[in-house]
Amino acid sequence: MPMPLPLFDTAALRTLEARGIVACGGDAFALMARAGQAAWRCVLKHWPQAQRIVVACGPGNNGGDGYVLARHAREAGRDVRVVQGAESASALAQRACAEYRAAGGAIADALGDADLIVDALFGIGLSRAPEGPAAALIAAINAHPAPVLALDVPSGVDADRGSAPGAAVRAECTLQFIARHRGLRTGAALDHCGELELATLDLPAGVFEGLAPVALAYRADALASFFPLRPRDTHKGRNGHVLCIGGEAGSGGAVLLAAQAALRCGAGLVSVATRAAHVPALLARCPEAMAHAVEEVAQLDALLARADVVAIGPGLGQGAWGRALFERVLACDKPRVFDAEALSLLAASGATLRPDDVVTPHPGEAARLLGTTTAEVQRDRFAAVAALQARWGGVAVLKGAGTLVQAPGVPPVVLCAGNPGMGTGGMGDLLTGVVAALRGQGFAAHDAAVAGALLHAAAGDAAAREDGERGLLPSDLLPWLRRLANPMRR
């Protein structure tokens, strides 16, 4: 059964590097030699025919790894040139450079023709925008037609936050050393890393002793661990009654999508509270849902009493009708999922959520909940999702590239699925219904958020593989939600 991938921050990686040196008998250069050799093996794996290889080396130990790779490539008969982002500053990098030169290696002033470029400019320690010649070299790398292999982290990408504050290398593959980096699986990093690979440098498992990961990553192949087979004697009463609330005038489709997603993810019963004008169309599109015209807040009470979980927000609006329904849900004692306009109403209310509540904001909604800007949220998505959970309580799901889930007292979770085609109206309404359906089937709030967001993203990927990303509609995901929620079909 696939397990989550442990992710580490820069501080932990520095500790692991120090322990790795000890494991190498105290020889720091031996560890660098292993990294350079692993990088060369990565080149042979992905670009075995590359004859002209340019290695861009920076002044630190990341540059030293590049010099080692360059020496191996030259000894293998390849046409190798090194372009220096700056003179080597660390003693280890100076030694690696000297060995490369002693092997007849050349230093060039420009990239020139190349079948492959290796980015060894900056490692995990850079958290600011590159400047001057380094920024110019990164721009030249990105403008070059050759593919790029980045060592440890694409230069210019913040390995902790996943942001790219300035110029940053766009790589086809990034080879991480020793352990996986937290920031490379969310935000802007996803446009720079390409395929992520790991070289453990043959260090013993003991180097991780007492060092807990700062985040966990789930891929789509973990879905089976969340969705076991149902008992043969199950019935609709065991699978939860979800109440979806929303659909102000002109927005009936949003709450319909939430209801359809809840049904496709296995909810036993789904009721919808919406404007009267939307009931006929909703029943025509989805006769399995129990649609109720709710024009006055008092009409909601009987529906709340019968529900096991409440999903509120899709198409709710922020007018008097939406505010009244929101305030009634805020006072109820049922597990709740808040999305869309319900998040804006929550931000204005100043309320605190219960531990079994889930909020699912996109970066703009997260910014409103935190009283900041979308850019600030995206600059450090891990800090933002932690702040959301701390400020509002419950479980926070920060949607976007590399969706994050944060619950109290546990590491954040990064979901390694989803694609740009999902950036269209209505996708979040589906997620609301998915998470609510899983809550109704007995999933704890954190598990429902993780499994639901992973299922939603994986369904988007499956639909995109079939017909492409551009033009992907939320309703295209509905059959895939059902298929992927049944990975262990008899």
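If amide H atoms are built 1.01 Å from N in the plane of the peptide, which residues on other chains or at least 5 residues away come under 5 Å of the amide H of Asn239? Placed amide hydrogens put Gly268 under 5 Å from Asn239. About its Cα centre, the dipole of the range 33-155 is roughly 320 debye, where the only charges are +1 on Lys and Arg Cβ and -1 on Asp and Glu Cβ.
Net charge dipole, the chain: roughly 900 debye, given to the nearest 20, about the Cα centre with Cβ charges of +1 for Lys and Arg and -1 for Asp and Glu. As a rough footprinting exposure proxy, the listed residues Phe226, Phe338 were ranked by other beta carbons within 10 Å of their own, and the order from fewest upward is Phe226, Phe338. The tail of the calculated P(r) for the chain beyond 32 Å holds 46 percent of all Cα-Cα pairs.
Centroid-to-centroid, using Cα positions, the range 190-261 and the range 5-29 are 30 Å apart.
Computed 3J(HN,Hα) for the range 87-95, one whole-Hz value per residue from the Karplus formula 6.51 cos²θ - 1.76 cosθ + 1.60 where θ = phi - 60°, is 4, 4, 9, 7, 4, 5, 5, 4, 5, glycine and proline marked x. For the range 222-484, the Kirkwood hydrodynamic radius comes to 17.9 Å, computed from all pairs of different C-alpha atoms. In the range 222-484, a dipole from Cβ-located charges (positive for Lys and Arg, negative for Asp and Glu) runs towards its positive end, and of Ala458, Thr432, Gln299 it is Ala458 whose Cα lies farthest in that direction.
Between the residues Ala96, Val55, Ile124, the greatest Cα displacement towards the positive end of the dipole of the range 5-213, with unit charges on the Cβ of Lys, Arg, Asp and Glu, is found for Ala96. Here the chain carries DSSP beta bridges of which approximately 15% are antiparallel, counting only pairs with both residues inside.
Going by neighbour counts of Cβ atoms within 10 Å, the residues Cys244, Cys193 line up, fewest first, as Cys193, Cys244. Find the relative contact order for the range 222-484 and round it to a whole percent, using C-alpha pairs within less than 8 Å whose residues are 6+ positions apart. Worked out over the range 222-484, it gives 20 percent.
Going by neighbour counts of Cβ atoms within 10 Å, the residues Met427, Met422 line up, fewest first, as Met427, Met422. FRET efficiency for the Glu376 to Glu75 pair, using the beta carbon distance and R₀ = 45 Å, is estimated at 0.40. Relative contact order for the chain: 13 percent, from Cα pairs under 8 Å spaced at least 6 residues apart, divided by residue count.
For the range 1-67, the set of trypsin sites (Lys or Arg not before Pro) satisfying both a DSSP loop assignment and a count of at most 11 other C-beta atoms within 10 Å is empty.
Laboratory data are not the source of any read-out in this text; all were calculated from the coordinates shown. What you see is a predicted model; the values in this text were computed from it and never measured. Neighbour counts run over all protein chains shown; Cβ positions are idealised from the backbone, glycine included.
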